1. Can you pull out every residue in the range 84-111 that is under 30 Å from Leu238 (Cβ atoms), in contact with a Lys or Arg (Cβ under 9 Å, 6 or more places away or on another chain) and not in a helix (DSSP H, G or I)?
2. Out of the range 264-281, which residues are touching a Leu at 6+ places or on another chain (Cβ under 7 Å) and under 25 Å from Asn574 (Cα atoms)?
3. Does Lys342 fit the bill of being closer than 30 Å to Arg56 by Cβ, assigned by the TED database to the domain that holds Ala467, among the charged types (D, E, K, R) and in a helix (DSSP H, G or I)?
4. Looking only at residues in the range 194-229 that are open to solvent by 40 Å² or more (accessible area, probe 1.4 Å), touching a residue at least 24 places away in the same chain (Cβ under 8 Å) and within 27 Å of the chain's Cα centre (by Cα), which one is farthest from Pro134 (Cα to Cα)?
5. Looking only at residues in the range 251-281 that are in contact with a Ser or Thr (Cβ under 6 Å, 6 or more places away or on another chain) and closer than 18 Å to Ala237 by Cα, which one is surrounded by the most Cβ atoms within 10 Å (Cβ to Cβ)?
6. Residue check: is Glu135 over 27 Å from His194 (Cβ atoms) and among the charged types (D, E, K, R)?
7. Which residue pairs have Cβ atoms closer than 7 Å, lie 6 or more positions apart in sequence or on different chains, and pair a first residue in the range 105-129 that is within 17 Å of Leu167 (Cα to Cα) with a second residue that is of a type in the set (Lys, Arg)?
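The values are calculated or read from the model by the stated rules, or taken from the named source; none is laboratory data. Worth saying up front: this structure is predicted, and the values here are computed from it rather than measured. Here the Cβ positions follow ideal geometry from the backbone for every residue, glycine too, while neighbour counts run over all protein chains shown. Heads up: the accessible areas ignore ligands, DNA and RNA and are worked out on the full protein's heavy atoms, side chains in. Shrake-Rupley method; radii C 1.70, N 1.55, O 1.52, S 1.80 Å.
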Amino acid sequence: AGAIASRMSFSSLKRKQPKTFTVRIATMDAEMEFSCEVKWKGKDLFDLVCRTLGLRETWFFGLQYTIKDTVAWLKMDKKVLDHDVPTEEPVTFHFLAKFYPENAEEELVQEITQHLFFLQVKKQILDEKIYCPPEASVLLASYAVQAKYGDYDPNVHKRGFLAQEELLPKRVINLYQMTPEMWEERITAWYAEHRGRARDEAEMEYLKIAQDLEMYGVNYFAIRNKKGTELLLGVDALGLHIYDPDNRLTPKISFPWNEIRNISYSDKEFTIKPLDKKIDVFKFNSSKLRVNKLILQLCIGNHDLFMRRRKADSLEVQQMKAQAREEKARKQMERQRLAREKQMREEAERTRDELERRLMQLKEEATMANEALMRSEETADLLAEKAQITEEEAKLLAQKAAEAEQEMQRIKATAIRTEEEKRLMEQKVLEAEMLALKMAEESERRAKEADQLKQDLQEARESERRAKQKLLEITSKSSYTQSMNSSTTALPTDLPSFNLISESLSFDFKDTDMKRLSMEIEKEKVEYMEKSKHLQEQLNELKTEIEALKLKERETALDILHNENASRGNSKHNTIKKVS
């Protein structure tokens, strides 16, 4: 009876749980709320979130929460409410990538998976949880802009359009004497070169560059070795790495997953047993048991994925990759069709603009021809009037010359008896002859001038005739151009005819389609190698260009370490090979 009473009192003290509780899930770009049953395990909630997101590559992700300033992950086989989560509703979890791929392009199949990784890695770089050198930060920012804004258009993306965007780590901004406008100019210069890349392609390029950064995908934990020396343990997709606390870029020693035989922990002591028994066992201590559990979780998950990558893909992954290839090919064909339509539309618009310009030019020529014709007509009228006046003057002079001749004959015929009268008469005769001669010369000159004016009049009328003929030709051309313009202007309305062509395309990918796609992939590989070389040259150019603006006194310890590694030619992968 006493045992029964104690059980009843214990059950009465037990907190009554509701049948359902509210959970809030925060992804990198959204929040969701779900009503969950109290009996649900972590896997039930995780599967619900994945179904809601349409995510099939679930093995990379987990539900994270924080307990006593320590990161923890929801266990799949344990009830949600049995975890050390806050009792206040809604219970909040963060849906994040728990494990990272070795090669993002080969392993991340779904577009939603790529997008979630892109957002998480971008935030880690901006929050400086992943060290990124300045020149690489600018390049990554340009891909982030391409993913958000699409192709660069100088008419839309004008100066200052990135003013409100967070694109560079604050450490990089503070390291150089550069204004926001100067940073925007350099980001935009690279952004303009990414023309034609879709959002998923730009995000993948971002991840391909980010995955070569030394701190990408590494989880760091403070540990002590057997001697009590403080160290850092790094866990990532490649293995376990031991770092100095002041140098998170270059590990002192590395244990690749394929060279580790066993990992175990007892209380706070962790033991790494290498596959080669000649190598000493590595032991270290962490501060908390909870941290040890988290380290073991990450080790098991990363090791499983490491081994999984080196085996043939499962049927599910093969199907996903096949669907992704088909979807990629379909999108590529759709982009090509849209690009062709856009190109033809642009060509039609250019042709229309050229015809409009030509029409304006012809109108100007017609106006000028009309003005020339009017001037020719005015000139012809003036010349005709002047010729008439000259002809009348010539007649008048001829009449005066005849009268002078008659006067001279009359004077000669008159008998002068006295010598004085004779002398006077001779003098008058001489003057009359000279006057008559001048009159004759003037008459002849006026006659020639009249002939010349008649000739000029004929030429003016001939010019008038030619001007009228040219005007008729221009008028006929203008009417032809207008008809052409109307047909060209109507061209864009006919563009849907391309849709008829596209509707006849089959998206059943046959062997010929896959062979063509394989050839395109090989071509893309060659182009990628050339672009990588060009990209490295551009990075070096930018580094040299902004080096003069660097404030040396603001360099962080990681900046100095990165520069030393770069000067030695050390990269992430060859460093790990050296210290393995």
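1. Phe93, Pro101, Glu102, Asn103, Val109, Gln110
2. Ile272
3. Against the criterion (closer than 30 Å to Arg56 by Cβ, assigned by the TED database to the domain that holds Ala467, among the charged types (D, E, K, R) and in a helix (DSSP H, G or I)), Lys342 does not qualify.
4. Step by step, filter the range 194-229, then rank; the result is Gly196.
5. Ser254
6. Details: over 27 Å from His194 (Cβ atoms): no; among the charged types (D, E, K, R): yes.
No; evaluated as a whole, the condition is false for this residue.
7. What qualifies is Glu128/Arg171.
For every residue, the table says whether it meets (1) over 30 Å from Lys208 (Cβ atoms); (2) among the aromatic types (Phe, Trp, Tyr); (3) free of Cβ contacts under 8 Å to residues at least 12 places away in the same chain; (4) outside the structural domain of Met307 (by the TED database).
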| position | (1), (2), (3), (4) |
| --- | --- |
| Glu57 | no, no, no, yes |
| Phe60 | no, yes, no, yes |
| Val80 | yes, no, no, yes |
| Thr87 | yes, no, yes, yes |
| Pro90 | yes, no, no, yes |
| Phe93 | no, yes, no, yes |
| Glu102 | no, no, no, yes |
